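Step one of this worksheet: look at the structure below.
The values are calculated or read from the model by the stated rules, or taken from the named source; none is laboratory data. Note that the structure is predicted; figures quoted are calculated from it, not measured. Virtual Cβ from ideal backbone geometry, glycine too; neighbours counted across all protein chains shown.
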Amino acid sequence: MADLSTNFIGVSSPNPFWLASAPPTDKEYNVQRAFEAGWGGVVWKTLGAAGSPVVNVNGPRYGAIHGPDRRLLGLNNIELITDRDLEINLEEIARVKRNWPDRAMIVSLMVPCEEEEWKSILARVMETGCDAVELNFGCPHGMSERGMGSAVGQVPDYIEMVARWCKQHSNLPVIVKLTPNITDIRYPARAARKGGADAVSLINTISSIVSVDLDNFAPTPTIDGKGSHGGYCGPAVKPIALNMVAEIARDRETYGLPISGIGGVTTWRDAAEFIALGCGTVQVCTAAMTYGFKVVQEMASGLSEWMDEKGYASIEDFRGKAVRNVTDWQYLNLSYVTKARIDQDLCIECGRCHIACEDTSHQAITAMVDGRRHFEVIDEECVGCNLCVNVCPVEDCITMERIEGTDPRTGKPIPAAYSNWTAHPNNPMRKEAMQFAPEPVTLPEPAE
């Protein structure tokens, strides 16, 4: 049976599934139940400075995007950091860590960008016996208007500065939580590393308005007729998260920097994808809020079974294996030519492939052949875009097949050798020396 245990920046946990800093980790009762259900660790909901706690709204805090079956695709929230007294939080954190010494206890922090503020709260947090701290530089609403959250995460110099303070005034591992509300995620990640951070976690929520109430003409959730932008998370943000994780994992200035992946992790497969892109742990929020804490049991068992099937004894056996296969568009192989193929035995003749191709693509799928309804690919028109694969309701009914020799669409021979845009004759900036992609960055091989 696969070993799911992890050692992430010196923090051990029985599995890579951590609850992210959010309402599910706001108090001892929740975290106790989470650990009983099987979570490997938690990131305690973000603590603020001592004194009067922040004030949350006393009304709706969530907006949602649903699929046709009411499955939750995305969740928007306008909740702030913990509104519970700092002392109560610290007491509960210490008690939970004493009771669950084998679980990862990470404490999320957010205070103003003043060294004494960070020094003060770090001293208090270290007394709890927690394993690490996560610096919340991601929240896009409420706290950012006060010069915290994503207001810090969007300025690499601030990230580097605060990370350095935290390493100077603490003996705890420091994780920097990055905001996706930025043009290029590599710059804040580089700043975190320069500041001495032990790891980064990403992504935090995406600034968003999920819908407008057309009766009240106000964004949802609506508070007394008004609405505000909030943070978007859930399955819908996973593609954005995977891309940003990959950018950090393959960047020459940040490769090897430990990453805790966040963003739409709902199943074991989602977790495996993040790990394959280099993540040492994954953090989960929306799935737990949708399905309850026991969802981790399906995640853990599914990941374990898949690892057994593949022959992976531990997480490290496949962590980062996908990083070398992430490249820039200009290095994709232009000699790789495919055509769609429709399995007539599986085809239910719904016509969706034909409609999509006829109306919006390349008119490469028939609707009628010899006077009867029949869907078949016209190789002379097919560009291999695979739109038909994605709209077909029957899994594996339409597949993509690589062809060699002559392309029926262009009538030209297909080059046998790899070629890319950097050396293409149509490229006005072509460079023969750039024909091949640079050697991909790879994570260090796991220790024996």
query = Looking at the stretch 158-177, is at least one residue touching a Lys or Arg at 6+ places or on another chain (Cβ under 7 Å) and under 21 Å from Asn7 (Cβ atoms)?
reply = yes
request  = Name, by its number, the condition in (1) under 13 Å from the mean Cα position of the chain (by Cα); (2) touching a residue at least 40 places away in the same chain (Cβ under 8 Å); (3) farther than 17 Å from Ser13 by Cβ that does not hold for Tyr255.
outcome  = (1)
task = Report, by residue number, each residue of the stretch 377-402 that is in a loop (DSSP other than H, G, I, E, B) and on the phi < 0 side of the Ramachandran plot.
result = Ile378, Asp379, Glu380, Glu381, Cys382, Val383, Cys385, Cys392, Pro393, Val394, Glu395, Cys397
note = Flagged in the stretch 381-400 as charged (D, E, K, R), touching a residue at least 24 places away in the same chain (Cβ under 8 Å) and either surrounded by fewer than 12 Cβ atoms within 10 Å (Cβ to Cβ) or touching a helix residue (DSSP H, G or I) at 6+ places or on another chain (Cβ under 7 Å) (or both), in numbering order, are Asp396
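Being surrounded by 15 or more Cβ atoms within 10 Å (Cβ to Cβ), of a type in the set (Val, Ile, Thr), more than 30 Å from Gly261 (Cα to Cα) and in contact (Cβ under 8 Å) with a residue 24 or more places away in the chain is true for just one of Ile378, Ile348, Ile414, Ile315. Which residue is that? Step through it out loud before you land on a result.
Numbers: Ile378 fails: in contact (Cβ under 8 Å) with a residue 24 or more places away in the chain; Ile348 fails: surrounded by 15 or more Cβ atoms within 10 Å (Cβ to Cβ); Ile315 fails: more than 30 Å from Gly261 (Cα to Cα).
Of the residues listed, the single one that is surrounded by 15 or more Cβ atoms within 10 Å (Cβ to Cβ), of a type in the set (Val, Ile, Thr), more than 30 Å from Gly261 (Cα to Cα) and in contact (Cβ under 8 Å) with a residue 24 or more places away in the chain is Ile414.
Residues in the stretch 289-303: is at least one of a type in the set (Ser, Thr, Tyr), under 20 Å from Ile240 (Cβ atoms) and buried (at least 24 other Cβ atoms within 10 Å of the Cβ)? Step through it out loud before you land on a result.
Here is the first cut: in the stretch 289-303, the residues of a type in the set (Ser, Thr, Tyr) are 290-291, 301.
Going one step further and asking which of them are under 20 Å from Ile240 (Cβ atoms), we end up with 290.
In the following step, the residues that additionally are buried (at least 24 other Cβ atoms within 10 Å of the Cβ) were identified as none.
No: the stretch 289-303 contains no residue that is of a type in the set (Ser, Thr, Tyr), under 20 Å from Ile240 (Cβ atoms) and buried (at least 24 other Cβ atoms within 10 Å of the Cβ).
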request  = Please give the number of the condition Trp306 fails out of (1) touching a helix residue (DSSP H, G or I) at 6+ places or on another chain (Cβ under 9 Å); (2) within 30 Å of Ile9 (Cα to Cα); (3) surrounded by 17 or more Cβ atoms within 10 Å (Cβ to Cβ).
outcome  = (3)
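Before we move on, is Gly227 in contact with an Asp or Glu (Cβ under 9 Å, 6 or more places away or on another chain) and modelled with pLDDT under 95? It would help to see each step written out before you state the result.
Values: in contact with an Asp or Glu (Cβ under 9 Å, 6 or more places away or on another chain): yes; modelled with pLDDT under 95: yes.
The answer is yes for Gly227.
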ask   = Do any strands (runs of 3 or more DSSP E) lying entirely in the stretch 243-344 carry at least 2 residues that are at pLDDT 95 or above and closer than 30 Å to Cys382 by Cβ, and which ones are they?
value = 337-342
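Which residues, taken from the stretch 278-303, are closer than 13 Å to Gly263 by Cα and either of a type in the set (Ser, Thr, Tyr) or in contact with a helix residue (DSSP H, G or I) (Cβ under 9 Å, 6 or more places away or on another chain) (or both)? So that I can check it myself, show each step before the final result.
If we filter the stretch 278-303 for residues that are closer than 13 Å to Gly263 by Cα, which is where we start, we get 279, 281-288.
Hits for the stretch 278-303 are Cys279, Thr281, Val282, Val284, Cys285, Thr286, Ala287, Ala288.
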task = List every residue pair whose Cβ atoms lie under 7 Å apart, where the two residues are 6 or more positions apart in sequence or sit on different chains, the first residue falls within the stretch 194-221 and is touching a residue at least 24 places away in the same chain (Cβ under 8 Å) and under 22 Å from Gly256 (Cβ atoms), and the second residue, located anywhere, is acidic (Asp, Glu) and crowded, with 23+ Cβ neighbours inside 10 Å.
result = Ser201/Glu134
